[in-house]
Amino acid sequence: MRIAIIAITRNGARLGAQLRDGFPRADLFVLQKYAGMAGKKAVPFIGELKELVRRLWPETDGFVFIMATGIVVRMIAPLLEAKDKDPAVVVMDDAGRFSIPILSGHLGGANELACRCAFLTGAREVITTATDANNLPSFDMLAKEEGWVIDDLARVKVLNSLLLDDAEIAVVDGTGRVRTWFHGRCPLSFHDTFIEALQSSAKGYLFITNRQLPPQVQSEKLLILRPRNLVLGIGCNSGTSAEEIGALVSANMKRLFLSMKSLKCIASATAKRAEPGLLTFAERLGLSIAFYESEELNRVDSPSPPSNHALAAIGATGVAEPAALLASGGGTMLLKKVKSGNITLAIAECQN
């Protein structure tokens with residue numbers, strides 16, 4: 001987490017230096033006339049504070065402002081985008097008595113950052129998010145902890161409100177993580193199927209799934225969290241375009257009712273490490289690619305017969321299926337190898 005600590009007073013500069021030394025990746029920006037109070041590592045600035053913040057905003061994960069809260073609120077308001085995109089923002093007073101998260105408390109990590117600042121300086125953290133104030137777990141923090149994607153961020157507020165109202169929430173979760181996270185602290189009921197959960201007396205619903213759900217099981221009080229547990233195994237001819245790969249992946253994900261938000265990575269053969277179309281496709285989706293040598297691929301017991309084409313080209317009996325199985329940790333094959341045009345595709349689901 002890259003932190004920017006900003007101070008505009010004499011005491012703030014001293015407090016900022018104390019904070020900077022407690023973070024592995026922190027830069028301290030101090031009004032020029034007080035830079036001497038913060039040591040040689042401080043970055044002095046002159047001119048408009050808001051211009052400094054505007055410049056740092058896109059490249060910074062968390063801000064610690066040592067100044068009045070009102071200054072910070074007015075300054076950052078034009079920069080705000082969304083709670084899953086904005087950086088963490090913490091405000092500390094000049095005397096170092098309070099550490100207050102004011103933006104992105106959960107997903108951005110501001111609550112955690114405020115607690116860290118309090119620990120380093122002896123301040124008192126002031127946490128105002130309702131679930132934390134009531135010592136309750138929250139659904140957005142569950143998603144963050146597990147690396148799950150929130151399907152509709154607006155639904156988090158709805159479900160967290162139900163937690164605060166002590167209302168029953170019906171859960172369908174094949175991973176078992178929800179039960180462990182809440183540990184009996186909230187009135188959750190657990191069900192095996194989506195229909196069973198929706199037909200219960202619960203006031204809200206939480207589904208952990210990589211599946212696209214039909215309209216008849218949708219609800220305003222349904223929160224879907226997407227585990228990133230799907231692996232695309234891809235083999236392709238040289239020169240295959242990213243567009244051709246994307247079209248085949250999209251068509252098969254839709255056919256199997258699988259969510260693109262649950263994609264974890266792509267897997268392929270080492271021989272395709274420099275394939276432009278494959279690299280571009282992965283970059284567009286923000287996915288990493290796991291590459292495997294032919295010897296590794298050949299050790300996997302794939303469901304489809306060996307490929308003479310792959311064997312002649314790179315010495316592997318197959319690419320899409322064995323690569324997907326390797327990257328999924330020996331998971332379940334949801335889509336056996338399909339070939340279309342220049343591409344072979346397989347999809348595997350990781351083990352829990």
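Could you count how many residues in segment 296-325 are surrounded by 19 or more Cβ atoms within 10 Å (Cβ to Cβ) and assigned to a helix (DSSP H, G or I)?
Total meeting the criteria: 8.
Listed residues Leu163, Leu153; which is farther than 30 Å from Gly331 by Cα and in contact (Cβ under 8 Å) with a residue 12 or more places away in the chain?
Leu163
Give just the number: which of (1) over 20 Å from Arg116 (Cα atoms); (2) surrounded by 14 or more Cβ atoms within 10 Å (Cβ to Cβ) does Arg55 not satisfy?
(2)
Any chance segment 27-34 includes a residue that's open to solvent by less than 80 Å² (accessible area, probe 1.4 Å) and closer than 19 Å to Asn111 by Cα?
Within segment 27-34 (the criterion being open to solvent by less than 80 Å² (accessible area, probe 1.4 Å) and closer than 19 Å to Asn111 by Cα), the answer is no, since none of the residues qualifies.
Could you list, in sequence order, all residues of segment 173-211 that are farther than 14 Å from Asn160 by Cα, out of contact with any Ser or Thr (no Cβ under 9 Å at 6 or more places or on another chain) and charged (D, E, K, R)?
Once the filter is applied, which keeps residues that are farther than 14 Å from Asn160 by Cα, out of contact with any Ser or Thr (no Cβ under 9 Å at 6 or more places or on another chain) and charged (D, E, K, R), segment 173-211 yields Arg177, Arg179, Asp192, Glu196.
Out of the residues in segment 217-245 that are farther than 30 Å from Met141 by Cα and either within 19 Å of the chain's Cα centre (by Cα) or of a type outside the set (Gly, Ala, Ser) (or both), state the one that is most open to solvent (accessible area, probe 1.4 Å).
Glu243
Please tell me if Leu248 is aliphatic (A, V, I, L, M), in contact (Cβ under 8 Å) with a residue 24 or more places away in the chain and open to solvent by less than 20 Å² (accessible area, probe 1.4 Å).
Judged against the criteria, Leu248 is not a match.
When the residues of segment 175-194 are filtered to those that are exposed (fewer than 15 other Cβ atoms within 10 Å of the Cβ) and basic (Lys, Arg), which remaining residue is farthest from Leu222 (Cα to Cα)?
Looking at the filtered set, the residue picked out is Arg185.
Can Thr175 be described as assigned to a loop (DSSP other than H, G, I, E, B) and farther than 25 Å from Ala82 by Cβ?
yes
Only one residue in Val156, Val149, Val172 is of a type outside the set (D, E, K, R), at negative phi, within 18 Å of the chain's Cα centre (by Cα) and crowded, with 20+ Cβ neighbours inside 10 Å. Which one?
It is Val156.
Just checking, which of Lys85, Lys41 is open to solvent by 60 Å² or more (accessible area, probe 1.4 Å) and either part of a strand (DSSP E or B) or closer than 17 Å to Ala13 by Cα (or both)?
So the residue among Lys85, Lys41 that is open to solvent by 60 Å² or more (accessible area, probe 1.4 Å) and either part of a strand (DSSP E or B) or closer than 17 Å to Ala13 by Cα (or both) is Lys41.
If you check Ser328 against the conditions, is it within 24 Å of the chain's Cα centre (by Cα) and surrounded by fewer than 23 Cβ atoms within 10 Å (Cβ to Cβ)?
Here the answer is no, as Ser328 does not meet what is asked.
The values are calculated or read from the model by the stated rules, or taken from the named source; none is laboratory data. Since the structure is predicted, the reported quantities are computational estimates derived from the model, not experimental observations. Here the Cβ is made from the backbone with ideal geometry for all residues, glycine too, and neighbour counts use every protein chain on show. All accessible areas refer to the heavy atoms of the entire protein, side chains included, with ligands and DNA or RNA removed. Shrake-Rupley method; radii C 1.70, N 1.55, O 1.52, S 1.80 Å.
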